[in-house]
2 protein chains.
Amino acid sequence: MDTWKAIDSIRVVREFADRPIAEDALNRILNAGRRAGSSKNLQRWRFIVVRDRERLKKLAHAGPFAAHIEGAALGIALVMPDPCAEGAPLSVVWDLGRAAQNMVLAAWELGIGSCPATVYDHAYVHELLRIPDDQHCEYVLSLGYPADPSVLQAPKRPGGRASLSEVLHEETW
Amino acid sequence: MDTWKAIDSIRVVREFADRPIAEDALNRILNAGRRAGSSKNLQRWRFIVVRDRERLKKLAHAGPFAAHIEGAALGIALVMPDPCAEGAPLSVVWDLGRAAQNMVLAAWELGIGSCPATVYDHAYVHELLRIPDDQHCEYVLSLGYPADPSVLQAPKRPGGRASLSEVLHEETW
């Protein structure tokens, strides 16, 4: 799938088919994240792949909008050094956003949908995934084949995004 | 270009050919950013396209590693609501990282290279680009055709990224 096509056609998938993601597909998705550029090439990210159904069910309670994790083929917890620590640079979060976008696009090319869930209950997730205290998990990506495969070819929702003229400035704000 | 190929082959370009980026290519790059998913679909981003050579030269002084902006075909200043404000969520920065990754991949597919520059002197950039006080510009993307087109087909640099086993955990950290 052409890069632009993936960027333009990707949409969030929250309902997943009961079909596992093969190892080679998962490896590609993980490598897409790993290959992302990062500030000073620091690669301050770790990926925790969760496939155990019981753990996914628990992870679905990480926040109010995380229920989709329960039915995902797998979840990838995206972990970074604590971005709220004194003096932590913004680039930790920015870099991880770039890595995540690589992952969801690589997945979409393979017909695999995804949805990021925001972690609200950090203590809960830290214990569940045994994340060290100096690390932080703000997002978990749900991944899986869409329950409704027609989403892969669905037209864009009208009004889903602001127009370019609303977000664009020329030369100065 | 296949999505995976773009993700796998993209590299940072800091030296640019003296060749403008056509409107349709720029529009695609900007739309790639605009189309990115964002937390609650809030799309908290603005893009300032800078093409004026004198302004690019000035923008190249935004930080110690921003010199590449001077020779870029254009720069895109990525602006978000102040992420350092009291109670600002991390998602503002994460979302913008996702949008930026869409932009650099869409550019790469068109043979256009890019490099993000971190802004260090925020007061300077705010004045230069007339950015409102409640907004924040942490990054400027340089974009242009590579001075050395062979970079588009160059092999990966060995050791450029940590191996997957170094960043991956299974089920728990």
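Each reported figure results from applying straightforward, stated rules to the coordinates on display, with no laboratory input. Fair warning: this is a prediction, and the values are worked out from it, not measured in the lab. Virtual Cβ from ideal backbone geometry, glycine too; neighbours counted across all protein chains shown.
Whole-Hz Karplus values for the range A:89-101 come out as x, 5, 5, 4, 6, 4, 4, 5, x, 5, 4, 5, 5 Hz, taken residue by residue from phi with 6.51 cos²θ - 1.76 cosθ + 1.60 and θ = phi - 60°; glycine and proline positions read x. With a 10 Å cut-off between alpha carbons and a GNM built on chain A, which of A:151, A:119, A:104 moves the most? With Cα springs under 10 Å in chain A, the top fluctuation among A:151, A:119, A:104 is at A:151. Where does the Debye-calculated log10 I(q)/I(0) of the range A:3-167 sit at q = 0.12, 0.15, 0.18 Å⁻¹, using only Cα point scatterers of equal weight, no solvent? Taken in order of the listed q values, log10 I(q)/I(0) reads -0.54, -0.84, -1.17. The H on the amide N of residue B:147, modeled in the peptide plane, is under 5 Å from the matching H of B:15, B:16, B:17, each at least 5 residues off or on a different chain. Could you state the number of Å between the C-alpha centres of the range B:11-69 and the range B:122-173? The distance from the Cα centre of the range B:122-173 to that of the range B:11-69 comes to 12 Å. The convex hull built on the alpha-carbon positions of the protein assembly as shown has an orientation-averaged projected area of 16.2 nm². Could you give the longest part of chain A that holds none of the GluC sites (Glu not before Pro) found in DSSP loops with at most 15 neighbouring Cβ atoms within 10 Å? Counting at most 15 other Cβ atoms within 10 Å as exposed, the longest clean stretch of chain A is A:87-170. Looking at the protein assembly as shown, the DSSP beta bridges with both ends there are about 85 percent antiparallel. Judged by the gyration tensor of its Cα atoms, with axes a ≥ b ≥ c, the range A:15-69 is oblate; a/c meets the 1.5 cut and b/c is at least as large as a/b. Simple spin-label estimate for residue B:12 and residue A:120 gives 3.8 nm between the two label positions (7 Å along the Cα-to-Cβ direction from each Cα).
What the phi angles of the range B:7-14 give under the Karplus curve with 6.51, -1.76 and 1.60, with θ = phi - 60°, is a coupling list of 4, 7, 9, 4, 9, 5, 10, 10 Hz, glycine and proline written as x. In a fully extended conformation the segment linking residue B:82 and residue B:54 would gain 7.4 nm over its present Cα-Cα distance, using 0.36 nm per residue. Backbone phi angles across the range A:26-43, fed through the Karplus curve with coefficients 6.51, -1.76 and 1.60 (θ = phi - 60°), yield HN-Hα couplings of 4, 4, 5, 4, 5, 5, 4, x, 4, 7, 4, x, 8, 4, 6, 6, 6, 6 Hz in residue order; Gly and Pro are listed as x. Summarising the label geometry, the points placed 7 Å from Cα in the beta-carbon direction at residue A:164 and residue A:41 lie 3.4 nm from one another. Charging the Cβ of each Asp and Glu at -1 and of each Lys and Arg at +1, and nothing else, the dipole of the protein assembly as shown about its Cα centre rounds to 700 debye.
In the range B:89-173, Rg over Rh equals 1.07, where Rg is the alpha-carbon radius of gyration and Rh the Kirkwood radius from pairwise Cα distances. Here the mean projected area of the convex hull built on the C-alpha positions of the range B:41-101 is 4.9 nm².
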